[in-house]
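Structure first, then comments.
The values are calculated or read from the model by the stated rules, or taken from the named source; none is laboratory data. In this text, all values refer to a predicted model and were calculated from it rather than measured experimentally. Neighbour counts are summed over all protein chains in view; Cβ atoms, including those assigned to glycine, are modelled from backbone coordinates with ideal geometry. Areas reflect the complete protein model, heavy atoms only, side chains present, ligands, DNA and RNA absent. Shrake-Rupley method; radii C 1.70, N 1.55, O 1.52, S 1.80 Å.
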Amino acid sequence: LFASATLAQEFAAVVSPPRFEISVTPGERSRQVVEITNVAAQPSKYTLRTADWALAPDGGVSFSDELVPGSCRPWVAIERHEVVVPAGGRIRFRFEVEPPADAPAGECRFALLIEGDEQTVRTEGGLNVPVSGRIAVIVYAGIRGGAPDLQVIGTGIVEVNGQAVP
């Protein structure tokens, strides 16, 4: 019980790098390392998992635990699903991407989610609100030289908060 109470802490993770752009060869394994630093004054427990993600029209991001069509998450292996980082400490967390030998050329993407324990925060109005922290490390994997297919659909200048911006 004491250990659980000790690990129910603020979310104080720093993750580097925040994004990966890697080239992978079908049938070969690409090993990567992300560093997780705990800047809190007590040990912190983090849960790690992968997710598919998409951009919304308003620029927001939505994450999906369900595999989306064409997901490359079945090709991903993570070192473990839970880590404890000591106060002021840092760990190196490994993950691998191994596309099958018959993987087509293109680009796939996924997120490595680093999440803290859910906390209950009491508001000034006396409500208990569950809150949890999350950092998403985005991984872009180019397969057989694949790259994103981008199109410019327009340019212009609009007014935002009284200022002209491109």
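Sorted from greatest to least, the principal axis extents spanned by the alpha carbons of the chain come out as 51, 51, 28 Å. Phi angles of the stretch 132-138 translate, via the Karplus equation with coefficients 6.51, -1.76, 1.60 and θ = phi - 60°, into HN-Hα couplings of 9, x, 8, 10, 10, 9, 8 Hz per residue; Gly and Pro are given as x.
Measuring max minus min along each principal axis, the C-alpha atoms of the stretch 103-143 give extents of 55, 15, 12 Å (largest first). Separation of the stretch 91-166 from the stretch 8-79 is 8 Å, based on Cα centroids. Heavy atoms of the protein chains alone define the surface here; on that basis the chain has 64 Å² accessible area per residue at 1.4 Å probe size. For the chain, the Cβ-based charge dipole about the Cα centre amounts to some 500 debye (Lys, Arg positive; Asp, Glu negative; other atoms uncharged).
Packing order of peptides 121-132, 99-110, highest average first: 99-110, 121-132 (average count of other Cβ atoms within 10 Å over each peptide's residues). Rounded to the nearest Hz, the phi-derived 3J(HN,Hα) couplings of the stretch 76-89 under the Karplus curve 6.51 cos²θ - 1.76 cosθ + 1.60 (θ = phi - 60°) are 9, 10, 10, 4, 6, 9, 8, 9, 10, 10, x, 4, x, x, where x marks glycine and proline. What nm distance separates the two modelled labels at Thr47 and Ile138, each placed 7 Å from Cα along Cα→Cβ? Simple spin-label model gives 2.4 nm for this pair. FRET efficiency for the Ile78 to Ala56 pair, using the beta carbon distance and R₀ = 22 Å, is estimated at 0.25.
For the stretch 1-92, the fraction of 1.4 Å probe accessible surface lying on carbon and sulfur atoms is 53 percent.
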